[in-house]
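All remarks here apply to the structure that follows.
We did not get these values from a lab; they are worked out from the coordinates using the rules stated. These numbers come from a predicted model, not from an experiment. Positions of Cβ are backbone-derived with ideal geometry, glycine not excepted, and every protein chain shown enters the neighbour counts.
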């Protein structure tokens, strides 16, 4: 019995079929890499897994029960790092991170999160002054500040320097050692060991609905 | 993330971007201050029109501030992450509306005695006017939250929002002005005040539910 699985998922966006008959399954400690060309539905699948979207067909299960029975509790044990970074320009790095940390997060844990992605020197810096790589690192720091079983990462490596990339793969490794799950959409090598891979199809004109002019 | 965190965060954001909140109260004071110049200085006329002017201006000021309620959080992805948090989205919405009222409703009420001075309103009636405004602007914020959430994904949402919200706001305007008028002329004010209170109670329950449902829709 897989911990997190999806069967025969299909998704339509704006009348276009993004993917169909998509099946995946993940056990504790496993990682799934979503690959495929631009527009093949990697982000859509991640948003589906996060419960922002509902599939037009198919089923998703978390430890044996369907996630749509209790979407809120499914969402409570996942962390999503997407393209939008939710960083407020007028709040400092520390304030931004603290808001997203879990309620009982200790100062120790917040310090860990800042240290891991080398944000500690920037703690008092307002969000609007961050570079795109630093914004990305602040977002990844949420993964440590608010622990969750399932990590959904949309292009987590974009804009990261070499040091941050290796910090990220180290963080992913220790998350999986604790039994955590990772699903990542990526074009770059994230150095994740023995990850499963899911190749999403290509965007094709045949998927487009008939246009009526 | 807890309810108090949502409120304090929005308040902190507003305090660091003071111009946003100042715009609303400035609009209120300036617009209300223009009427005596246009209409003339006759005391009876000014006292007669004062409650109407104050209420219409307050209503428009709240409307002016509504598109900011969810838009920034929607555009930068904050709303997505809020949905994932264990705090129910309805409570998150409630927290944001409370903060919105503290930022753009309460300053209007604080500025109101100034307008009263300008119009030569008797001090005895001012209490009822302020109480009615507290009840009314809170309802306006709550109803506005539904409209702001519904127009979130729409292009030209800024135009759609007043069209959607204004008709629902008219009863609040009518009973708000009725209460304020009665207060100034010494008539019983219980009836209109109770209706304003009832609308507020209903909206306290309904608005977070409706706005949260609309937000979930906008996320898709």
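Of all DSSP bridge pairs formed entirely within the protein assembly as shown, close to 45 percent run antiparallel.
Principal semi-axes of the equivalent ellipsoid, √(5λ) from the alpha carbon gyration tensor of region B:97-160, are 30, 12, 9 Å from largest down. The distance between label points at residue A:72 and residue B:2 comes to 1.7 nm (points 7 Å beyond Cα on the Cα→Cβ vector). Counting only Cα atoms, region B:70-213 measures 52, 28, 27 Å along its principal axes, largest extent leading.
Peptide A:84-97 is shielded by partner chain Cβ atoms: per residue, an average of 4 of them sit within 10 Å of its Cβ. In chain B, the longest principal axis of the Cα atoms and the axis of helix B:89-100 are about 40 degrees apart.
By the beta-carbon count within 10 Å of each Cβ, the least crowded to most crowded order of B:74, A:68, fewest first, is A:68, B:74. In chain A, Rg over Rh equals 0.99, where Rg is the alpha-carbon radius of gyration and Rh the Kirkwood radius from pairwise Cα distances. According to the Kirkwood relation over distinct C-alpha pairs, the hydrodynamic radius of the protein assembly as shown is 24.2 Å. For the pair region A:91-133 / region A:9-79, the C-alpha centres are spaced 29 Å from each other. Restricting attention to region A:56-213, close to 25% of DSSP beta bridges with both partner residues there are antiparallel.
Each of B:151, A:188, B:31 was scored by other Cβ atoms within 10 Å of its Cβ. Listed from fewest to most, they are A:188, B:31, B:151. Extension gain for residue B:75 to residue B:102 (0.36 nm times residue separation, less C-alpha to C-alpha distance): 7.4 nm.
Across region B:133-214, Cα-Cα pairs more than 14 Å apart make up 63 percent of the total. Alpha-carbon geometry of region A:132-208: the Rg and the Dmax are 14.1, 44 Å, given in that order.
All distinct Cα pairs of region B:1-160 go into the 1/r average, and the inverse of that average, the Kirkwood radius, is 16.9 Å.
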